[in-house]
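Chemist: Mind looking over this structure? Questions follow.
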Amino acid sequence: MQKKSTYDRRGFLLGSTAIAGATAAGALLPTGTALAQQGKLKVGLMLPYTGTFAQLGVAITNGFKLAIEERGGKLGGREIEYFTVDDESNPAKAPENVNKLVQRDKVDVVIGTVHSGVVMGMAKVLKESGTLWINPNGGAGAMTGAACAPNFFRTSFSNWQTTHALGKVLKAKGHKNAVFITWKYAAGEEMMGGFKEGFEKEGGKLTKELYVPFPQVEFQALLTEIASIKPDAVVAFFAGGGAAKFLKDYQAAGLKGKIPLYGSGFLTDGVLEAVGDAGEGVETTLHYADGLDTKKDKAFRLAYAKTFKLQPDVYAVQGYDAGQLLAAGLDGVKGNVANKVGVIKAMEAAKIDSPRGPWTLSKAHNPVQDMYLRKVVGKENKVQGVAWKALADPARGCKA
Ligand code: PHB
């Protein structure tokens, strides 16, 4: 039997704990409830720790934990207990995996994940349960679009956002046509769509869409096709291990230096150590870059390198900001996470002082943020300027 659900004034499912939260400030709390509120905050991490996105999951986890450690290991006065699930970037297992955190572990908040298909599998379960959810990567448009909900928050990007500014960039370079190459799944298709819309607005033409199944990395046949099409430019989305392989194959196929390569910044983030000079000169757009030279970014990079003996990347920043956003929510209710409406309001109002630059949330709970133009110079994605100031996802279909 299902419990009767609670909805806020906009008709969103809030879950039964919201009611408990509304009375939690009262003086007549049973002792058990009062004690429970002082217990540890249960944080569920659902991320890829194996497969092509494994490094991304680790960077997000590191960033998140760094933000918590900077607050003395506590949020809203409460210590943290972590529960971890490896989602393997497998959409088919997403409902079962997120239910391990929601039903078995009874976490207060879910942090996850990287892969857009897994994000959508999580969305079904988390809309029904009303569990607080902060997504530190996966850009599926629907999460903050048609499937938006008051308990859904994202500290990363929508797929659309990451490529939309590239249209202007290509136009400025005088490119009139381009080919887009990516994995065949939501993230690739939506990044292709964001680019196409932006490029066509500038009078450009997307002449071909090329796809490989996720997570395959057999690019040879498509690189041969690109060589025969001879477009003005190639635009790509791959990430993690797949991005490193693509950059190397592009060079090995003799295309580097002949047909300029662009992408959403995932193509070159976190992979430059692995690809030698195959990334050199590649220009991308993203909400983070090397060389931003702000106080916050410098402090973050120093702390991250010291703690993990690694250089941070965009994924680490997104994880860090998930910790910062959750901190804002918990501070707003002094640790009383049962007051879900209060947590949501505090997170909605948060101004995140991020290593990427300050950002706020849109009405649909997606960051409104600057998109940088970056260029690979040595082992860095050097900032070239802001390609689009305060870019907001259009949140198509979100009725919030
Ligand atoms: C996604 O599936 O949404 C995704 C995965 C990896 C990235 C970016 C987006 O680097």
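The values are calculated or read from the model by the stated rules, or taken from the named source; none is laboratory data. This is a predicted model, so every value here is computed, not measured. Calculation scope for accessible area: heavy atoms of the full protein, side chains included, ligands and nucleic acids excluded. Shrake-Rupley method; radii C 1.70, N 1.55, O 1.52, S 1.80 Å.
Chemist: Under a 5 Å amide H to amide H cut-off, with H placed in plane at 1.01 Å, what residues pair with Gln384 once short-range neighbours are removed?
Modeler: Leu373, Arg374, Lys375
Chemist: Where both partners of a DSSP beta bridge lie in the chain, what percent of those bridges are antiparallel, to the nearest 5?
Modeler: Taking every DSSP beta bridge within the chain, about 35 percent pair in antiparallel fashion.
Chemist: Ignoring any ligand, DNA or RNA, what whole percent of the accessible area of region 119-201 comes from carbon and sulfur when the probe is 1.4 angstrom?
Modeler: 57 percent
Chemist: For Leu132, which sequence-distant residues (separation of 5 or more, or a different chain) have an amide H within less than 5 Å of its own amide H, given hydrogens modelled in the peptide plane?
Modeler: Counting only residues 5 or more places away or on other chains, the set is Val110.
Chemist: Express the accessible area of region 117-229 per residue in Å², computed with a 1.4 Å probe while the remaining protein chains stay in the model.
Modeler: Ligands and nucleic acids excluded, the result is 33 Å² per residue.
Chemist: I want the antiparallel fraction of DSSP beta bridges within region 33-113, as a percent rounded to 5.
Modeler: Expressed as a percentage, antiparallel bridges in region 33-113 total about 15.
Chemist: A further question follows. Given a 1.4 angstrom probe, I'd like the percentage of the accessible area of region 208-306 that is carbon and sulfur, rounded to a whole number.
Modeler: For region 208-306, the apolar C and S fraction of the accessible surface comes to 55 percent.
Chemist: Given only helices, namely DSSP H runs of n ≥ 4 each adding -39500 (n - 2.57), what is the per-residue ellipticity at 222 nm of the chain, to the nearest 500 deg cm²/dmol?
Modeler: -11000 deg cm²/dmol
Chemist: Once amide H atoms are placed 1.01 Å from N in the peptide plane, what residues at a sequence separation of 5 or more from Thr84, or on another chain, have their amide H within under 5 Å of its amide H?
Modeler: Amide H neighbours of Thr84, under 5 Å, 5+ apart: Leu45.
Chemist: Also, I was wondering about something else. Just tell me, in residue order, which DSSP H segments of the chain are both 18 angstrom or longer along the helix axis (alpha-carbon based) and at least 0.5 in mean Kyte-Doolittle hydropathy.
Modeler: Those that pass (Cα extent of 18 Å or more, hydropathy at least 0.5) are 54-69, 116-129.
Chemist: How many percent of the accessible area of region 338-382 is carbon or sulfur, using a 1.4 Å probe?
Modeler: Exposed carbon and sulfur together represent 58 percent of the surface.
Chemist: In addition: Taking θ = phi - 60°, what integer Hz values does the Karplus form 6.51 cos²θ - 1.76 cosθ + 1.60 yield along region 169-175, in sequence order, with x for Gly and Pro?
Modeler: With coefficients 6.51, -1.76 and 1.60, one gets 4, 5, 4, 4, 7, x, 6 Hz.
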